[in-house]
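J.: Structure below; questions to follow.
The values are calculated or read from the model by the stated rules, or taken from the named source; none is laboratory data. The structure presented is a predicted model; accordingly, all values stated were derived computationally and were not measured. Note: ideal-geometry Cβ built from the backbone for every residue, glycine included; neighbour counts use all protein chains shown.
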Amino acid sequence: MKLCVYFGTFNPIHNAHLAVANYVRSNYDFDVILFVPAYKPPHKEIDDELAHHRLNMVKMAIANESLYNMSSIEYSNSRFSYTYITIQELYKRYPGIEGKINFIIGSDAFREFDTWYEAEELKKIIKFIVFLREKDLKLDYFDYLKEQGYDFEMAKLPFIDLSSRVIRSRVKKGKPITGLVPQNVIEYIREHELYKPKPEAEENKEATQEQPKEQTQEQSQEQEQKPHKLL
C-alpha cells in the first residue's frame, strides 16, 4: 500500500487544504491519502473544546472522496500530538506500506522542521511533499536540505492565500465564508456556533484560568526539545 498522510489542526478544514489533497490525488498514485487531525499540537495553542468539532469537520469534508480517509489516532490520549510518535504507530498499524510514508507539509512548517520532536529520526522514515505556503518562495529554496538527508520534493501547485485563521476571523466578524470552506462544513460551523466571539465576562474568566496552563505547556515543550535540537 502506498500511503500519504496529511497532518494538521484543520481548525477548520478549508478549500486550500482540499486543493492540496486533490493535487496529490491527481499527480501521484497513492492508495490512500490519510488525513490526521492533531488533538493537541505542541507548537500551537488550540481550544480543547474544538478538538472533536475539528475531527467532525474533516470527516464531513472528505466524505465523498473514496481515496481519502481520516484517522483519529492522535485522539487516543490527551498528550501532545508528536508527529514522530504517530508516524511510528502508523507503520505498525499498516505493515503493508510500500516504501516510506509520504508526508504533506507546507513550506512554512518545513522551514521550522528542525524544531520538531525527534526531527532527525523522523526525517529518515518519511518522504516530504512540500507545498508553497509563502509568497515569492522559489521551488529550489530548500535544496540545501537534501545534503542533510531530507527526502522531499516540491509540489508545483501555486500558492493559495487562504488559512484557517482567515476563516475563523471572518466568522468572528460575521463575514461570509462561502467558497472558502465546503458547504457542509459551513453549515456545521453555523449549527454549533463555532468561532463566534465569546461574551466579555467569559473571556476574562478564561484568560485568568489559562495563564498557569500556558506556562506549564511552555515548560513541557522545553523539556521535550532539550535532548534534541531539530519542520
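J.: Whether any residue in the stretch 81-102 is within 17 Å of the chain's Cα centre (by Cα) and farther than 23 Å from residue 151 by Cβ is what I want to check.
T.: no
J.: Sort out which residues of the stretch 160-183 are surrounded by 13 or more Cβ atoms within 10 Å (Cβ to Cβ) and touching a helix residue (DSSP H, G or I) at 6+ places or on another chain (Cβ under 9 Å), and write them in order of number.
T.: 160, 162, 163, 164, 167, 171, 177, 180, 181, 182, listed by residue number.
J.: Check the stretch 163-185 and report whether any residue there is within 17 Å of residue 8 (Cβ to Cβ) and touching a Lys or Arg at 6+ places or on another chain (Cβ under 6 Å).
T.: Restricting attention to the stretch 163-185, the residues satisfying the condition of being within 17 Å of residue 8 (Cβ to Cβ) are 163-168, 180-182, 185.
In the following step, the residues that additionally are touching a Lys or Arg at 6+ places or on another chain (Cβ under 6 Å) were identified as none.
Within the stretch 163-185, not a single residue is within 17 Å of residue 8 (Cβ to Cβ) and touching a Lys or Arg at 6+ places or on another chain (Cβ under 6 Å).
J.: What is the residue count in the stretch 65-99 for residues that are in a loop (DSSP other than H, G, I, E, B) and touching an Asp or Glu at 6+ places or on another chain (Cβ under 7 Å)? Steps first, please.
T.: Our first condition is that a residue be in a loop (DSSP other than H, G, I, E, B); within the stretch 65-99, this holds for 65-67, 71-72, 76-82, 94-99.
Next cut, touching an Asp or Glu at 6+ places or on another chain (Cβ under 7 Å) only: 81.
Number satisfying all stated conditions: 1.
J.: Under 9 Å between Cβ atoms, which residue pairs at least 6 apart in sequence (or on different chains) link something in the stretch 184-199 that is buried (at least 19 other Cβ atoms within 10 Å of the Cβ) and in a helix (DSSP H, G or I) with a partner that is modelled with pLDDT of 95 or more and of a type in the set (Gly, Ala, Ser)?
T.: Filtered contacts from the stretch 184-199: 185/61.
J.: Continuing with this model, one more query. Taking residue 97, is it under 30 Å from residue 142 (Cα atoms), modelled with pLDDT under 95 and surrounded by fewer than 18 Cβ atoms within 10 Å (Cβ to Cβ)? If you could, list the steps in order and put the result at the bottom.
T.: Numbers: under 30 Å from residue 142 (Cα atoms): yes; modelled with pLDDT under 95: no; surrounded by fewer than 18 Cβ atoms within 10 Å (Cβ to Cβ): yes.
It is false that residue 97 is under 30 Å from residue 142 (Cα atoms), modelled with pLDDT under 95 and surrounded by fewer than 18 Cβ atoms within 10 Å (Cβ to Cβ).
J.: A further question on this structure: For the stretch 162-199, which positions are at pLDDT below 95 and more than 20 Å from residue 55 (Cα to Cα)?
T.: The initial filter retains those residues of the stretch 162-199 that are at pLDDT below 95, namely 196-199.
If the condition is that a residue be at pLDDT below 95 and more than 20 Å from residue 55 (Cα to Cα), then 197, 198, 199 are the ones that fit.
J.: Then there is this: Provide a single number: the residues in the stretch 31-54 that are more than 21 Å from residue 84 (Cβ to Cβ) and either touching a Cys at 6+ places or on another chain (Cβ under 6 Å) or in a helix (DSSP H, G or I) (or both).
T.: 6
J.: Within the stretch 7-22, take every residue that is touching a Ser or Thr at 6+ places or on another chain (Cβ under 9 Å) and of a type in the set (Gly, Ala, Ser) and give me the one that is modelled with the lowest pLDDT.
T.: Taking the stretch 7-22 as the starting set, the residues that turn out to be touching a Ser or Thr at 6+ places or on another chain (Cβ under 9 Å) are 7-14, 16-17.
Subsequent filtering for residues that are of a type in the set (Gly, Ala, Ser) retains 8, 16.
Numbers: 8: 95, 16: 98.
Checking each candidate, the answer is 8.
J.: I'm trying to understand the selection: among the residues of the stretch 14-73, which are within 16 Å of the chain's Cα centre (by Cα) and among the charged types (D, E, K, R)?
T.: 40, 44, 45, 47, 48, 54, 59, listed by residue number.
J.: Would you confirm whether or not the stretch 147-157 contains a residue that is in contact with a helix residue (DSSP H, G or I) (Cβ under 6 Å, 6 or more places away or on another chain), surrounded by fewer than 20 Cβ atoms within 10 Å (Cβ to Cβ) and among the charged types (D, E, K, R)?
T.: no
J.: I'd like the residue in the stretch 100-133 that is assigned to a loop (DSSP other than H, G, I, E, B) and among the basic types (Lys, Arg) and, out of all such residues, is surrounded by the fewest Cβ atoms within 10 Å (Cβ to Cβ).
T.: Within the stretch 100-133, the subset assigned to a loop (DSSP other than H, G, I, E, B) is 100, 112, 116-118, 132-133.
So of that shortlist, the ones also among the basic types (Lys, Arg) come out as 100, 133.
Working: 100: 16, 133: 19.
So, considering only residues that are assigned to a loop (DSSP other than H, G, I, E, B) and among the basic types (Lys, Arg), the one surrounded by the fewest Cβ atoms within 10 Å (Cβ to Cβ) is 100.
J.: Is it fair to say residue 72 is of a type in the set (S, T, N, Q), surrounded by 18 or more Cβ atoms within 10 Å (Cβ to Cβ) and closer than 21 Å to residue 126 by Cβ? Write out each step before concluding.
T.: Working: of a type in the set (S, T, N, Q): yes; surrounded by 18 or more Cβ atoms within 10 Å (Cβ to Cβ): no; closer than 21 Å to residue 126 by Cβ: yes.
For residue 72, the condition - of a type in the set (S, T, N, Q), surrounded by 18 or more Cβ atoms within 10 Å (Cβ to Cβ) and closer than 21 Å to residue 126 by Cβ - is not met.
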